[in-house]
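The values are calculated or read from the model by the stated rules, or taken from the named source; none is laboratory data. Because the structure is a prediction, the values reported are computed rather than measured. Note that we place each Cβ from the backbone using ideal geometry, even for glycine, and neighbour counts take in every protein chain shown. Surface areas here come from the heavy atoms of the whole protein model, side chains and all, with no ligands, DNA or RNA. Shrake-Rupley method; radii C 1.70, N 1.55, O 1.52, S 1.80 Å.
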Amino acid sequence: MKRIGILTSGGDAPGMNAAVRAVARKAMHEGLEVYGINYGYAGLVAGDIFKMDPITVGDKIQRGGTFLYSARYPEFAQVEGQLKGIEQLNKFGIEALVVIGGDGSYHGALRLTEHGYNAIGLPGTIDNDIPFTDQTIGFDTAVNTVLESIDRIRDTAASHERTFVVEVMGRGAGDIALWAGVAGGAQDIIIPERDFDVKAVAEKLRASREHGQKHAIIVLAEGVMHADEFSEKLSEYGDFHLRSTVLGHVVRGGSPTASDRVLASRLGSKAVELLLEGKGGVALGIEKNEIIAHDMLDLFNHKHHAMLDLYDLNEDLAY
């Protein structure tokens with residue numbers, strides 16, 4: 001093998017650039033040529049491909065987002081789209097691919113492997129919703145971004161004796177809300193993985209006020225409902241001086257934490273090692289601080305499970 005390609009796909013995540021850097025630098029160290037592919041699978045099909053050198057990935061490890069850009073390209077799910085991508089891989093002499101993204105990105109990588117082009121997936125998503133990995137690239141940064149916002153909001157909540165409902169990203173997985181809620185001392189955490197009763201939340205807030213706690217933070221995952229809707233439902237059970245805040249896409253941005261940079265670097269380096277061994281169709285992750293590889297088909301047949309013991313912990317600690 002002489003040439004490999006790198007692309008980022010799906011939603012951007014802090015640490016993607018660190019992963020691209022690690023793949024490129026490790027590959028160059030092993031004597032390989034490296035090609036960057038702009039705009040994910042859309043760029044692959046369009047031939048938006050360029051040769052990288054050490055300077056290309058210089059000064060990138062600290063940057064959020066992805067300098068290779070990202071774009072949705074559902075057409076790659078069809079064989080016609082895959083064959084167009086393979087045509088470009090042949091044109092540039094690219095023999096293997098590293099794909100940084102989430103579940104949808106992995107499907108594309110698996111299809112390429114089935115067509116004879118080994119592809120390895122790295123888990124780049126803030127949602128932490130990929131099976132067989134304790135954390136995904138970008139998750140730690142996203143949690144810390146939310147936590148910083150919660151700390152700031154708490155200042156205002158305390159000053160005005162208000163209850164704030166803070167909505168964070170997490171459509172199908174509540175990990176961001178769960179981790180940031182525990183770290184931020186939330187009164188309650190509302191996530192897709194656990195049923196909730198608005199009346200019970202109200203009673204908890206009322207009891208907390210009776211104990212002398214005049215303000216509260218409720219962290220809500222976007223996959224449950226909008227913060228305004230939740231606030232309206234909650235206000236039916238009492239006047240809690242409610243305000244709602246939607247953090248939105250600010251959670252995706254920012255310079256990656258040390259944890260995300262190190263994780264991305266370890267995963268990127270391992271991906272090149274596996275490609276040199278002739279392996280493809282696998283996704284990398286970290287379990288108990290060890291980098292592991294799983295067949296991508298295994299990921300599609302399993303579901304990520306949040307650490308719900310953190311939810312129970314927060315229930316014990318919130319008064």
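Has region 26-44 got any residue that is open to solvent by less than 40 Å² (accessible area, probe 1.4 Å), on the phi > 0 side of the Ramachandran plot and not in a loop (DSSP other than H, G, I, E, B)?
yes
Across region 256-282, what is the total count of residues that are open to solvent by less than 10 Å² (accessible area, probe 1.4 Å), assigned to a helix (DSSP H, G or I) and touching an Asp or Glu at 6+ places or on another chain (Cβ under 7 Å)?
2
Any residue that is closer than 23 Å to PRO123 by Cβ, without any contact (Cβ under 8 Å) to a residue 24 or more places away in the chain, open to solvent by 60 Å² or more (accessible area, probe 1.4 Å) and part of a helix (DSSP H, G or I) - is there at least one of those in region 284-296?
Scanning region 284-296 turns up no residue that is closer than 23 Å to PRO123 by Cβ, without any contact (Cβ under 8 Å) to a residue 24 or more places away in the chain, open to solvent by 60 Å² or more (accessible area, probe 1.4 Å) and part of a helix (DSSP H, G or I).
So, in region 193-203, of the ones that are within 28 Å of ASP239 (Cβ to Cβ) and assigned to a loop (DSSP other than H, G, I, E, B), which residue ends up most open to solvent (accessible area, probe 1.4 Å)?
ASP195
Residues in region 94-107 that are at pLDDT below 95 and in contact with a helix residue (DSSP H, G or I) (Cβ under 6 Å, 6 or more places away or on another chain): how many?
1
Could you list, in sequence order, all residues of region 204-223 that are open to solvent by less than 40 Å² (accessible area, probe 1.4 Å) and outside any helix (DSSP H, G or I)?
Once the filter is applied, which keeps residues that are open to solvent by less than 40 Å² (accessible area, probe 1.4 Å) and outside any helix (DSSP H, G or I), region 204-223 yields HIS215, ALA216, ILE217, ILE218, VAL219, LEU220, ALA221, GLY223.
Condition (residue is in a helix (DSSP H, G or I) and either crowded, with 16+ Cβ neighbours inside 10 Å or at pLDDT 95 or above (or both)) applied to region 234-247: is it met by at least one residue?
There is at least one residue in region 234-247 that is in a helix (DSSP H, G or I) and either crowded, with 16+ Cβ neighbours inside 10 Å or at pLDDT 95 or above (or both).
If I filter region 45-56 for residues that are in contact (Cβ under 8 Å) with a residue 60 or more places away in the chain and surrounded by 20 or more Cβ atoms within 10 Å (Cβ to Cβ), do I get at least one hit?
No; the residues of region 45-56 include none that is in contact (Cβ under 8 Å) with a residue 60 or more places away in the chain and surrounded by 20 or more Cβ atoms within 10 Å (Cβ to Cβ).
Looking at region 86-93, is at least one residue of a type in the set (Gly, Ala, Ser), assigned by the TED database to the domain that holds ALA271 and within 25 Å of the chain's Cα centre (by Cα)?
Within region 86-93, none of the residues are of a type in the set (Gly, Ala, Ser), assigned by the TED database to the domain that holds ALA271 and within 25 Å of the chain's Cα centre (by Cα).
Within the bounds of region 176-189, is there any residue that is open to solvent by 20 Å² or more (accessible area, probe 1.4 Å), closer than 15 Å to ASP127 by Cα and within 22 Å of the chain's Cα centre (by Cα)?
yes
How about region 299-319: which of its residues are open to solvent by less than 60 Å² (accessible area, probe 1.4 Å) and either assigned by the TED database to the domain that holds LEU220 or within 29 Å of TYR106 (Cα to Cα) (or both)? Spell out how you get there, then give the answer.
Initially, region 299-319 is screened for residues open to solvent by less than 60 Å² (accessible area, probe 1.4 Å), giving 299-300, 304, 306, 308, 310-311, 314, 318.
Correct list: LEU299, PHE300, HIS304, ALA306, LEU308, LEU310.
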